[in-house]
Amino acid sequence: MDRTAGKKVGGHSIPHCSIGWHRGGTLFIAMLCTACIVLFASEASAQCTARDVLQNHLTLKKTPSATMPPILVRSAVAVPVWKTIKVGTFANSFALRNALDAAGCGIGDSAEEILARPAFTLGATKTDVELIAVSAAELGFQTDTASLADIYARAQQLGFGLAAAEVAPQLRLQYFDQPIGEFLVGMEPIKTWKGKPVILTVANGGAGLVLIGQDGSADAEIPVASRFLFVRSSEAALAKAAHGLDEAAALVQH
């Protein structure tokens, strides 16, 4: 018996769609759903693109801006914590690199090379790290630029310590609402395969969030307006804790 779409043949109504269409339609719908899943997964994971940065500014609780008028710093103890991040959350540098890729974060060539160097290590246990943001000008430099070695020396005199290299990529993954600007991570430089010392920088250049490398030579001239991220040295951290205990005791006495 012939079947004609939309007509009754032998007393039975024949649908407009053939069996072959149903199979093709099912395949098409399955492919469409798969595409949607991939798209939604991509949207969920990407956080570093320019569009995502704008969305994050509208929805995320913003980290206090580290861009403030220069105030001369006399001791690391007196400087409040700017942001606390977690380190030691990845098993290896490959997992860390994959996380940066999944978030859509741009990685500069020298930064990518540093992440692959044996000198770049990750914490073995999950730890909170308190970061302090200060500019070279706040450390007391009054010239237009200062050498990286001088900036580090002054920071350490005031009780700041250098951060682990892991801080830079971890901050990139934990600071999606970064405004336009950059932070140089105060860290021991790591040499590229060619022997060039590099420090890492967490930046928002306007086109998205990136992790890039910068000249880490001791004599590299850095604009004094540049902001660095340090940690408190062990001695400064102990002094801060002792100061907090003194304040608590004073409150109890009152």
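The values are calculated or read from the model by the stated rules, or taken from the named source; none is laboratory data. These figures come from a predicted structure and were not determined experimentally. Positions of Cβ are backbone-derived with ideal geometry, glycine not excepted, and every protein chain shown enters the neighbour counts.
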Which members of the range 192-208 meet the condition of being part of a strand (DSSP E or B) and either closer than 20 Å to LEU229 by Cα or not assigned by TED's automatic domain parsing to the domain that holds LEU173 (or both)? PRO197, VAL198, ILE199, LEU200, THR201, VAL202, ALA203, ASN204
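Is it fair to say ALA91 is modelled with pLDDT of 95 or more and out of contact with any helix residue (DSSP H, G or I) (no Cβ under 8 Å at 6 or more places or on another chain)? Full working, then the answer.
On the way: modelled with pLDDT of 95 or more: yes; out of contact with any helix residue (DSSP H, G or I) (no Cβ under 8 Å at 6 or more places or on another chain): yes.
Yes; evaluated as a whole, the condition is true for this residue.
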What number of residues within the range 160-173 satisfy the criterion of being in contact with a helix residue (DSSP H, G or I) (Cβ under 8 Å, 6 or more places away or on another chain), surrounded by fewer than 22 Cβ atoms within 10 Å (Cβ to Cβ) and assigned to a loop (DSSP other than H, G, I, E, B)? 1
If you check every pair at least six apart or on different chains, which have Cβ atoms under 7 Å apart with a residue in the range 142-165 that is assigned by TED's automatic domain parsing to the domain that holds VAL81 first and a residue that is hydroxyl-bearing (Ser, Thr, Tyr) and surrounded by fewer than 16 Cβ atoms within 10 Å (Cβ to Cβ) second? LEU148/SER217; LEU158/SER75; GLY159/SER75
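Any residue in the range 178-187 that is more than 21 Å from GLU112 (Cα to Cα), touching a residue at least 40 places away in the same chain (Cβ under 8 Å) and surrounded by fewer than 17 Cβ atoms within 10 Å (Cβ to Cβ)?
If we filter the range 178-187 for residues that are more than 21 Å from GLU112 (Cα to Cα), which is where we start, we get 179-180.
From the residues that got through so far, the ones that are touching a residue at least 40 places away in the same chain (Cβ under 8 Å) too are 179.
Checking the rest, the ones that are also surrounded by fewer than 17 Cβ atoms within 10 Å (Cβ to Cβ) come to 179.
Yes.
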Within the range 79-111, restricting to residues that are under 17 Å from CYS48 (Cα atoms) and either in a loop (DSSP other than H, G, I, E, B) or not assigned by TED's automatic domain parsing to the domain that holds ALA203 (or both), the one that is farthest from the chain's Cα centre (by Cα) is GLY108
Being assigned to a loop (DSSP other than H, G, I, E, B), touching a Cys at 6+ places or on another chain (Cβ under 8 Å) and not polar (S, T, N, Q) narrows it down to one of PHE176, PHE141, so name that one. PHE176
State the number of residues belonging to the range 208-221 that are buried (at least 21 other Cβ atoms within 10 Å of the Cβ) and farther than 19 Å from GLY195 by Cα. 2
Only residues that are charged (D, E, K, R) and either surrounded by fewer than 16 Cβ atoms within 10 Å (Cβ to Cβ) or within 19 Å of ILE71 (Cβ to Cβ) (or both): list them for the range 136-152, please. GLU138, ASP144
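Determine whether ALA242 is surrounded by fewer than 19 Cβ atoms within 10 Å (Cβ to Cβ) and at pLDDT 95 or above.
On the way: surrounded by fewer than 19 Cβ atoms within 10 Å (Cβ to Cβ): yes; at pLDDT 95 or above: no.
No.
Is it the case, given these coordinates, that ILE190 is in contact with a helix residue (DSSP H, G or I) (Cβ under 7 Å, 6 or more places away or on another chain) and modelled with pLDDT of 95 or more? Give the derivation first.
Details: in contact with a helix residue (DSSP H, G or I) (Cβ under 7 Å, 6 or more places away or on another chain): yes; modelled with pLDDT of 95 or more: yes.
Yes, satisfied.
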Within the range 104-133, track down each residue that is of a type in the set (A, V, I, L, M, F, W, C) and surrounded by fewer than 18 Cβ atoms within 10 Å (Cβ to Cβ). ALA116, ALA119, ALA124
